[in-house]
Amino acid sequence: MVDYRERLARLQAKMQADGAGLAVFGATDTMRYLTGWVEHGHERLIGLFVPAQGDAAFVVPAMNARQAQTNPAQISNVIGWSDETGWTSPVETLLTEWNLHGKTFTVLIDEELLSGHLLKLQALEPQARFSSANETATALRQIKTDDEIAAMDAAGTLIDAVCEEIAVTLREGDSEEEIQERVHSLLKRHSTKASFIPLICFGENAAHPHHHPGAIRLKRGDIVIIDIGCLWDGYPSDITRTFAFGEPSDPDAKAVYEIVSRAHWAAREAAKPGTTGAEVDAAARKVITDAGYGDYFIHRTGHGIGLSTHEPPDIVASNTRPLEPGMCFSIEPGIYLPGRFGVRIENIVTLTQEGVVSLNAEAPRTLRIL
């Protein structure tokens, strides 16, 4: 069972250590992490206001107040604001009660908060210093508990099975859009849903890392990329597999796949406590560059994953912070040859004292022909 009070206490301890007086979070996964509740308000402010000392408060549209009162963190101060009067006056009253209004203090702002809401807060508290809450939230969220890892492990097992079912039922003439809908249908059958829009790429479209499925139809010789994920207890999975539908029409497909596979394993072998995301990225990139395809590896080697499908730590050249046990992230090198095909192999891993443990079944080391 999640101890949301403990999470809020850790946040406040970090705020006090950093000299911040207030943190404001929008309707984001960080709000859900801290309280167990989130509801998206569209253009309306749904905010979690956390002072460095004292009890947190929700500031939400009146229509959401009853929902907010059921929050698992048992935050009792729920302020409902009306469309007629807006939310700035209730927030001014709240900050006055906390002895912050009109004072000079640091406000940590959720980076996903709408800019319009931030501008109103800045106008309300012109003496305050506004700073990103990203570093603080990352410090809280990036080391996963056993329960969090277990949820992602279960999500990984489920998406492995769905990916396999999709692969073995591919038929000539299927469209990318039809396979995308098949993924949604299978996930619904398992009482879950996609953690992101399924990416289904046939033939030349596999050369686009984030291709949006369309009406193109599968034909013999095509390279197929399937990049899908699902949710389990609120936590996501994310897997990418590359196949050939029949003997590949491009003579380089098998060799390129094996290069990507070696890069994938090189990154996993490099990932140990104390190494950096940059070093893991470099291990994958070296394999691909040495094989002559460095210009065609056009994204980071991986991204962190938790309540959000993409969150810190990034496995990228700019991340020089040491990795720690309990972090979870993807390893997904790729090669993309415009007008021809692409290959990506992605597993979600969690870091232990010994190295990484995969939360997905292993991809084949050679190109699988369906």
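Read-outs throughout are calculated quantities, based only on the coordinates presented, and are distinct from any laboratory measurement. In this text, all values refer to a predicted model and were calculated from it rather than measured experimentally. Virtual Cβ from ideal backbone geometry, glycine too; neighbours counted across all protein chains shown.
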**Item:** Between the stretch 23-55 and the stretch 178-197, the alpha-carbon center distance in angstrom
**Value:** 29
**Complete:** Cα-based Rg and Dmax for the stretch 183-331, in Å, come out at 16.5, 46
**Request:** Kindly provide the helix-only [θ] at 222 nm of the chain, computed as the sum of -39,500 (n - 2.57) over DSSP H runs of four or more divided by all residues, to the nearest 500 deg cm²/dmol?
**Result:** -10500 deg cm²/dmol
**Asked** How high is the relative contact order of the stretch 4-141, in percent, counting Cα pairs under 8 Å that sit 6 or more residues apart?
**Response** 25
**Item:** Span per principal axis, largest first, for the Cα atoms of the stretch 110-230 (Å)
**Value:** 65, 34, 24
**Request:** Would you mind calculating the relative contact order of the chain from Cα pairs under 8 angstrom and at least 6 residues apart, reporting the percent as a whole number?
**Result:** 14
**Asked** Top mean-square fluctuation among Asn77, Asn347, Asn205, Gaussian network model of the chain, C-alpha springs under 10 Å?
**Response** Asn77
**Asked** Pulled fully out, how much extra length does the chain show between Ala255 and Asn99, if you take 0.36 nm times their separation in residues and subtract their Cα-Cα distance?
**Response** 49.6 nm
**Message:** Principal axis extents for the stretch 288-370, Cα atoms only, whole Å, descending order, please.
**Reply:** 39, 32, 25
**Lysine pairs in the chain with Cα atoms under 22 Å, if 8 or more residues apart or on separate chains** = 7
**Asked** Label Asp3 and Lys188 with points 7 Å out from Cα along Cα→Cβ: what is the distance between them in nm?
**Response** 4.1
**Asked** Can you give the alpha-carbon Rg of the stretch 4-141 over 2.2 N^0.38 Å, where N counts its residues?
**Response** 0.94
**Request:** Sticking with the crude label model, points 7 Å out along Cα→Cβ, report the distance from Arg129 to Ala361 in nm, one decimal please.
**Result:** 5.4
**Linear extension gain, Ala13 paired with Gln353, 0.36 nm per residue minus alpha-carbon span** = 119.7 nm
**Request:** Write down the percent of antiparallel bridges among all DSSP beta bridges whose residues are both part of the stretch 4-141, to the nearest 5.
**Result:** 35
**Prompt:** Out of (1) 62, 45, 32; (2) 70, 41, 36; (3) 88, 54, 43, which label holds the value of Cα extents along the principal axes in Å that was computed here?
**Reply:** (2)
**Asked** Can you give the Kirkwood hydrodynamic radius of the stretch 250-289 from its Cα pairs, in Å with one decimal?
**Response** 10.5
**Complete:** With DSSP loop assignment and no more than 12 other C-beta atoms within 10 Å, the GluC sites (Glu not before Pro) in the stretch 54-100 are Glu84
